[in-house]
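Colleague: What follows is a single structure, and I will ask about it in a moment.
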Amino acid sequence: MTSSPDGEDREAREAMMLAATQAGIAFSNSSVALVHGMSRPIGAHFHVAHGLSNAMLFPAVTAFSAHAAESRYADCARALGAATDGDGDALAADRLVEALRSLCQDLDVPTPRAHGIDKDEWSRLSPLMAEQALASGSPANNPVVPTVDEIQDLYAQIYA
């Protein structure tokens, strides 16, 4: 497959369209949870692409959530190859979190700070972003339904 700088690579465009459709089907069947709810305000206030803000949040939110659904997160770890069938669910869930952290590091996913977001502005807007995240309804689908304070803590964790 050859790449085209003007977007005329039809095979690549078709593959992206199929991937986007599959993601839409998955969302329709399972909905979204805390990561997406927290991601929206980051995009709205700081103009960070939704996928990037999801990636910034994913390891911390997974660590926050895993204890409430260890077997489900363990299944994900095993499917990803981050854990084996012999690993207990708690260990496998921990390995998933570490695998996500490692993946984000390998892909150079920046923290909000590294992305150029001012710390004072981040801190000032975090309470509002936490309220907006909860208001989106997405956190209600999370294995642990967070409080506003817990969301603010997660925003503080991912900043640096």
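Colleague: Scan the range 59-72 residue by residue and report those that are without any contact (Cβ under 8 Å) to a residue 40 or more places away in the chain and open to solvent by 40 Å² or more (accessible area, probe 1.4 Å).
Modeller: Answer for the range 59-72, where residues must be without any contact (Cβ under 8 Å) to a residue 40 or more places away in the chain and open to solvent by 40 Å² or more (accessible area, probe 1.4 Å): Ala63, Glu70, Ser71.
Colleague: Based on what the data block shows, is Arg101 touching a residue at least 24 places away in the same chain (Cβ under 8 Å) and assigned to a loop (DSSP other than H, G, I, E, B)?
Modeller: no
Colleague: Evaluate the range 15-27: report whether one residue or more is of a type in the set (Ser, Thr, Tyr) and either open to solvent by 100 Å² or more (accessible area, probe 1.4 Å) or within 19 Å of Ser136 (Cα to Cα) (or both).
Modeller: no
Colleague: If Arg78 satisfies every condition in (1) closer than 14 Å to Pro143 by Cβ; (2) without any contact (Cβ under 8 Å) to a residue 60 or more places away in the chain; (3) of a type in the set (Lys, Arg) but one, which is the exception?
Modeller: Failed condition: (1).
Colleague: Another question, if that's okay. Here is a list: Gly43, Gly116, Gly51. Which entry is surrounded by fewer than 20 Cβ atoms within 10 Å (Cβ to Cβ), among the small types (Gly, Ala, Ser) and not in a helix (DSSP H, G or I)?
Modeller: On inspection, the qualifying residue turns out to be Gly116.
Colleague: Where residues in the range 131-149 are open to solvent by less than 20 Å² (accessible area, probe 1.4 Å) and assigned to a loop (DSSP other than H, G, I, E, B), which of them is farthest from Ser28 (Cα to Cα)?
Modeller: Taking the candidates together, the pick is Pro146.
Colleague: Next up: Being open to solvent by 10 Å² or more (accessible area, probe 1.4 Å) and among the hydrophobic types (A, V, I, L, M, F, W, C) is the filter; apply it to the range 150-160 and report the residue that is nearest to Val32 (Cα to Cα).
Modeller: Among residues in the range 150-160 that are open to solvent by 10 Å² or more (accessible area, probe 1.4 Å) and among the hydrophobic types (A, V, I, L, M, F, W, C), the one nearest to Val32 (Cα to Cα) is Ile158.
Colleague: Looking only at residues that are out of contact with any helix residue (DSSP H, G or I) (no Cβ under 9 Å at 6 or more places or on another chain) and not polar (S, T, N, Q) in the range 76-106, which one is most open to solvent (accessible area, probe 1.4 Å)?
Modeller: Step by step, filter the range 76-106, then rank; the result is Asp106.
Colleague: Further question: Sort out which residues of the range 54-79 are in a helix (DSSP H, G or I), farther than 29 Å from His115 by Cα and not polar (S, T, N, Q), and write them in order of number.
Modeller: His67, Ala68, Glu70, Arg72, Ala74, Asp75, Arg78, Ala79
Residues are listed down the side, and each one gets a yes or a no for (1) under 16 Å from the mean Cα position of the chain (by Cα); (2) over 23 Å from Pro146 (Cβ atoms):
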position	(1), (2)
Phe46	no, no
His50	yes, no
Leu57	yes, no
Ser102	yes, yes
Ala114	no, yes
Ile117	no, no
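Colleague: Let me ask another. For Leu128, only one of the following conditions fails: (1) of a type outside the set (Lys, Arg); (2) free of Cβ contacts under 8 Å to residues at least 40 places away in the same chain; (3) more than 15 Å from Val35 (Cβ to Cβ); (4) open to solvent by 70 Å² or more (accessible area, probe 1.4 Å). What is its number?
Modeller: Evaluating Leu128 over (1) of a type outside the set (Lys, Arg); (2) free of Cβ contacts under 8 Å to residues at least 40 places away in the same chain; (3) more than 15 Å from Val35 (Cβ to Cβ); (4) open to solvent by 70 Å² or more (accessible area, probe 1.4 Å) leaves (2) as the failure.
The values are calculated or read from the model by the stated rules, or taken from the named source; none is laboratory data. What you are looking at is a predicted structure, and each value in this text was computed from that prediction instead of being measured. We place every Cβ from the backbone using ideal geometry, glycine too, and count neighbours over all the protein chains shown. Side chains included, ligands, DNA and RNA excluded: accessible areas come from the protein's heavy atoms. Shrake-Rupley method; radii C 1.70, N 1.55, O 1.52, S 1.80 Å.
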